[in-house]
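Presented below is the structure to which this report refers.
FYI, it's all coordinate maths here, none of it is from the lab. Just so it is clear, the structure is predicted and the values come from calculations on it, not from any experiment. With ideal geometry, Cβ positions are generated from the backbone for all residues, glycine too; neighbour counts draw on all protein chains shown.
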Amino acid sequence: MSGRLIVFAQALDGKAPPPSVDASPFDPGPVIVAAQEVASLTPGETVELDADLLAFPRRFETAPSGRYAVQVVLDRNHDYARTGRGAGDLLSAVTVLDLPTGGSLSLDTELPMIDAWTLPATAPAHVIVDTQSTRPSIRSFDLHSERLSRFWGRPISMRGYVVLPPDYTPGGRRYPVVYWFHGFGGPTYNLTQSAVRFQQRMTRGKMPPMIWMIPDMTTPTGTSEFVDSVNNGPWDTAFTNELLPHIDRTYRTDARSGARFLTGHSSGGWASLHLQLAHPRLFGGTWSTSPDPVDFHAFIQADLYAPGANVYRSGDGQPLPLVRQGASVSSFETAARTEAVLGAYGGQLTSFDWTFSPRGEDGRPQPMFDRTTGAVDPAVVAYWQAHYDLAAGLARLTPADRRALHGKLHIWVGGSDSNYLDGAVRKFDVVAKAAELDAAVAIVPGRTHFDLYTENGDTFGLLDTIAAQMAASSRGTNSHR
């Protein structure tokens, strides 16, 4: 077996060892992480890992002497920076070692494989996932993409779920269609939970009957964000020219642009806003929540356009944060350097490079910032601005495009967003007003990245509000404005 061998160590300080030792770029905790690539490991073989070549926040040899809980993982899919340990990975038991002396661990457990497109055991019995059924409530799709396959030189598919309304029948009425985009990270089978959620809320009458389409944005490099990228391929073109026509041919959608809607959260919020701005007449509106930075003057807490810009430190040398969530706070530098150890690609920050950056001479995307110093590359930022800064893109809209977008832009974000994404939304709102775009922007006081959807005690109540506004818009009303 081959993959990325990652070792985690946590000082015990007289405490009992925890059941597992792990670290995330967004919450690294008091854990030292080291890694190296290994190839063709066979049962019984021993490999020596030098925990000083690639490690953070310190080399193991400089760790304070003492007893540590240590665990090692072989990340076979190179997706640790995105999803953590998962199906097919090998891992050891947690072992107590004296550092910096070191010791031996055994990769003796293989995590079970999970079919990403199977509903979880908690799904209600009446939910059906069966493409052969004449009346399924949820269907999966796997559409071969000619454009993406040509780009990569191998077969590439677009996958996801279609959730049909409770009264859907072949030959019956047509329904508005909603394209919902997920956020970064987590296993693919999380999409099944979203599919069940939409199905249940329609069945219970909380949401009006519509067709919900849930495309998977996950790629080996992070998320596609459904943009045309020189590194990831023509995802926007494939989506609009291949997937949309396929859905309209296969299901009883109301194919009018005024009945075709976009929504999504986090990275999905950015994707839904991008697609609406890029195709003003193709969609009837976007309802984007907590989108990734939509104005690069506020890329988390950094202004990428400032002279001598640095994502690790402010102008007065203070560390820039990345996460605010109770007592768990990660700086931009800690997250970026932890991510660099966990994987060469697939993490959130590296995903931005793969999606937005120009291609370097080595065939890989040019990094927007130096992972050691945090210094921003102004040439790369200029490319980002020209192609993917959504606020900057507003200035390039023609008067006709602006008229086509009237009443179609809706954005929600928490005033205490966990990744400071409210800052970029505020700046986008200023630019939208200056461009005389009729954008509805809501900054919800006190809400974070993770409780934004809570309304009237319902964790997902905002979904009902959004769906009702879409239904009203499809009927040609503006009652939601």
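Report the local net charge at ALA442: Lys and Arg +1, Asp and Glu -1, summed over other residues whose C-beta lies under 11 Å from its C-beta.
On the way: positive: ARG447; negative: ASP422, ASP429.
Here the charged neighbours net out to -1.
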Could you tally the net charge around GLY222, taking each other residue with its Cβ under 14 Å from the Cβ of GLY222, Lys/Arg +1 and Asp/Glu -1?
-4
What lysines sit close enough to LYS408 to cross-link, taking a C-alpha to C-alpha distance under 16 Å and skipping anything fewer than 8 places away on the same chain?
LYS433
Computed over the Cα atoms of the chain, what is the convex hull's projected area averaged over all directions, in nm²?
24.6 nm²
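How much of the calculated P(r) for segment 368-450 lies past 22 Å, in percent of all Cα pairs?
Working: 1378 of 3403 pairs.
More than 22 Å apart: 40 percent of the Cα pairs in segment 368-450.
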With a 10 Å radius around each residue's Cβ, average the other Cβ atoms per peptide and rank 378-385, 217-224, 426-433, highest first.
217-224, 426-433, 378-385
Counting every C-alpha pair in segment 3-110, the percent lying more than 21 Å apart is 29 percent
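At a 10 angstrom cut-off on C-beta neighbours, averaged per residue, how do the peptides 11-19, 199-207, 67-75 rank from highest to lowest? All intermediate terms of the calculation are to be shown ahead of the outcome.
Numbers: 11-19: 11.6, 199-207: 17.8, 67-75: 22.9.
So the order, starting with the most tightly packed, is 67-75, 199-207, 11-19.
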So the pair-distance distribution of segment 296-387, from every Cα-Cα distance in 5 Å bins, comes to percents of 3, 14, 24, 27, 19, 10, 3, 1, 0
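Can you compute the helix-only [θ] at 222 nm over the chain? Use -39500 (n - 2.57) per DSSP H run of at least 4 residues, normalise by all residues, nearest 500 deg cm²/dmol. Could the numbers behind the result be given before it?
Numbers: 13 runs with 116 residues, N = 481.
It lands at -7000 deg cm²/dmol.
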Could you go through segment 15-22 in sequence order and give the Karplus-derived ³J(HN,Hα) for each residue, using 6.51 cos²θ - 1.76 cosθ + 1.60 with θ = phi - 60°, rounded to whole Hz, and x for Gly and Pro?
8, 6, x, x, x, 8, 10, 8
Counting only other residues whose beta carbon sits under 12 Å from that of PHE428, what net charge do I get with K and R as +1, D and E as -1?
-2
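What order do you get for 45-51, 190-196 when each peptide is scored by the mean count of other beta carbon atoms within 10 Å, highest first?
Values: 45-51: 12.7, 190-196: 19.9.
Highest to lowest by the protection proxy: 190-196, 45-51.
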